[in-house]
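What follows is calculated from the coordinates using simple rules that are stated; it is not laboratory data. Only a predicted model underlies this, so the values are computations on that prediction, with no experimental measurement involved. Glycine also receives a Cβ, built like all others from the backbone with ideal geometry; neighbour counts cover every protein chain displayed.
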Amino acid sequence: MTVAEPVSMEEQRLAAVRRYDILDTPPDGAFDRMAAAAADLFSVPIAIVSIVDSDRIWFKSHHGLDEVTEIDREPGLCASAILGEGPWVVTHAASDPRTLANPLVAGEFGLQFYAGAPLTTSDGYNLGTLCVLDHEPRQATDAETRILSHLASLVVDQLELRLSARKALAVSEQRLSETETLAAALQRSLLPPALPDIPHIEIAAAYHPANRYQVGGDFYDVFPIDAQTWGLVMGDVCGKGPEAAGRTSCARYSLRAAAIHQTDPAAVLELVNQALLLDAEPVIEAPFVTALFARLQPHSGRATISFAAGGHPLPTVLRADGTVEQAGEPGTLLGVLPQSRTTTSTLELATGDTVVLVTDGVLDSGRPRLDHDGLTDVLGSCRGLPPAQIAARIHHTVATAQSDDIAILVVTARD
């Protein structure tokens, strides 16, 4: 059996120094002011807040020593001062047996007076000192050394505050990371895991939340209804967070279920409206929903899309010749009125024609606000581009001034 060697007191002290993570940090006004106060108290030219490392004495503050930031540990008097529990005072260094051979005393620096109060942590480790120095011998009164100890305690209080702040920041960052991971996982559960392969159709989607720490209310979906028909959904729930996620889930799965039982997109949205009203009964002012539902029937060289929009931005069509047009009729919000009012419209796509569905986050973002005219201009520059590049160009246009969640669905008819 191997017995671990005991950790020395110096190793424990150095571990405490590392815990405070103070070495080699930039100057700090709080420490500089305490060093200046100590120098004024003793009427001396030099005052230092020092941290004693394994091989050096590093100065967090060095009042009166502008060019010096650290010295070797061996000649430093602070290394001796941390060995005791109270102030360590040398009134006449040239005649004091403890210091007369010290290079700082016998050498060019000419140190004659030193008083250092240890920086003692709450668990009893001396990290360094608050010390004052003079080139002339002098006395230190009990009152002066007592105040020096109080100032040293204030230095430690500052170190403790910074340590507590770092710990709180680390906890906050960890919680933010966990929140981001949870929000992303929940968001993924509200979106299709992958877009299906649809004959004679090329399709792409993009989703960009405004806040990665919150579950957004935007959603899209693409799913088979029967052998010849596919459902396309673009929606937006007012609000964010868990409540919005619940409404999003209700809207998305209600749309899927209604699409199986109704062939008229307007009728599908009315069923969803009723489901949302029932879902909102226990809740005062439940979030409203905007949604667009479309039935896509692709054929070789063309496709037919019948759709209805409930309070949602209407589809924008980029024709193969570069013409851009808006289609459909606006309708009422879902989950608000006892009966929704929406209109079913039909789009015919030829080879190379593209229909673009977006949430209002696209139209409301950008500087200036993109709006439908801006989207028309963007799409006018996308002639011949594949859906993925069109979605990327739309997002790039507004990304630097994104004000809300963004969802984009781009569908192009192919041979």
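Odds and ends about this structure:
- What the phi angles of the stretch 16-28 give under the Karplus curve with 6.51, -1.76 and 1.60, with θ = phi - 60°, is a coupling list of 5, 4, 5, 4, 7, 6, 9, 4, 6, 7, x, x, 9 Hz, glycine and proline written as x.
- Helix 241-261 and the long axis of the chain differ in direction by around 20°, with both axes built from C-alpha atoms.
- Against the main long axis of the alpha-carbon atoms of the chain, helix 265-280 sits at an angle near 40°.
- Contour minus Cα-Cα distance for residue 40 and residue 139 (0.36 nm per residue): 34.1 nm
- Sorting the segments 369-375, 75-81 by their mean number of nearby beta carbons within 10 angstrom, highest to lowest, gives 75-81, 369-375.
- ³J(HN,Hα) computed for each position of the stretch 153-168 - Karplus, 6.51 cos²θ - 1.76 cosθ + 1.60, integer Hz, glycine/proline x: 5, 5, 4, 5, 4, 5, 4, 5, 4, 5, 5, 5, 5, 5, 5, 5
- Segment residue 33..residue 351, full-extension length gain: 107.0 nm, with 0.36 nm per residue of separation and the alpha-carbon distance subtracted.
- Rg and Dmax [Cα atoms of the stretch 9-165; Å; Rg one decimal, Dmax integer]: 14.3, 45
- Shown in residue order for the stretch 378-386 are the 3J(HN,Hα) couplings computed by the Karplus curve 6.51 cos²θ - 1.76 cosθ + 1.60 at θ = phi - 60°: 4, 5, x, 9, 9, 4, x, 7, x Hz (x for Gly and Pro).
- The slack between residue 96 and residue 223, meaning 0.36 nm per residue of separation minus the straight C-alpha distance, is 36.8 nm.
- Whether the stretch 190-413 is rounded, prolate or oblate, judged on the alpha carbon gyration tensor where a/c under 1.5 counts as rounded: oblate
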